[in-house]
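Reviewing the structure listed below.
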Amino acid sequence: MIFNSVISMKNSVHPNYTVTTIKCNSCNTVYTLGTTGENLKVELCANCHPFYTGKEVLVVTDNLVDKFNKKKASALAQSGKVQSKKEKNLRRKSVQPKQALTLRDMLNNIK
């Protein structure tokens, strides 16, 4: 069956498809691909990933965990809510929940 009219996609619905570069931070390999994003960076690629290469590689992440812990400590210090988990647990255990009232007690409170 031959269609006489040409069906085209709507212009305002679809994202812009452009040619961008993707750079691997571990081995500095640069790929040029078509995608909707711009200048992407990845930690591992197929050239340096241990699964594909069969070698164990230490990935440098620029001490991201240490940076996170420092930011977390400074944020907690500024808010004045620095407490350890042990202190929180002790505080929770020391507060005893109220015992539930029985139906008889509730009816007596109403009168």
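The values are calculated or read from the model by the stated rules, or taken from the named source; none is laboratory data. Everything quoted here is computed from the prediction, not taken from an experiment. Because the Cβ atoms are built from the backbone with ideal geometry, glycine has one as well, and the counts that use them run over all protein chains shown.
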- Answer yes or no: is there a residue in the range 29-37 that is exposed (fewer than 11 other Cβ atoms within 10 Å of the Cβ), under 30 Å from Tyr17 (Cα atoms), at pLDDT 70 or above and within 24 Å of the chain's Cα centre (by Cα). yes
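What about Tyr17, is it at pLDDT 75 or above and aromatic (Phe, Trp, Tyr)? Lay out the reasoning, then the answer.
Working: at pLDDT 75 or above: yes; aromatic (Phe, Trp, Tyr): yes.
So Tyr17 passes the test.
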- Note on the structure: Across the range 12-28, the tally of residues that are more than 25 Å from Asp62 (Cβ to Cβ) and either surrounded by fewer than 10 Cβ atoms within 10 Å (Cβ to Cβ) or without any contact (Cβ under 8 Å) to a residue 12 or more places away in the chain (or both) stands at 7
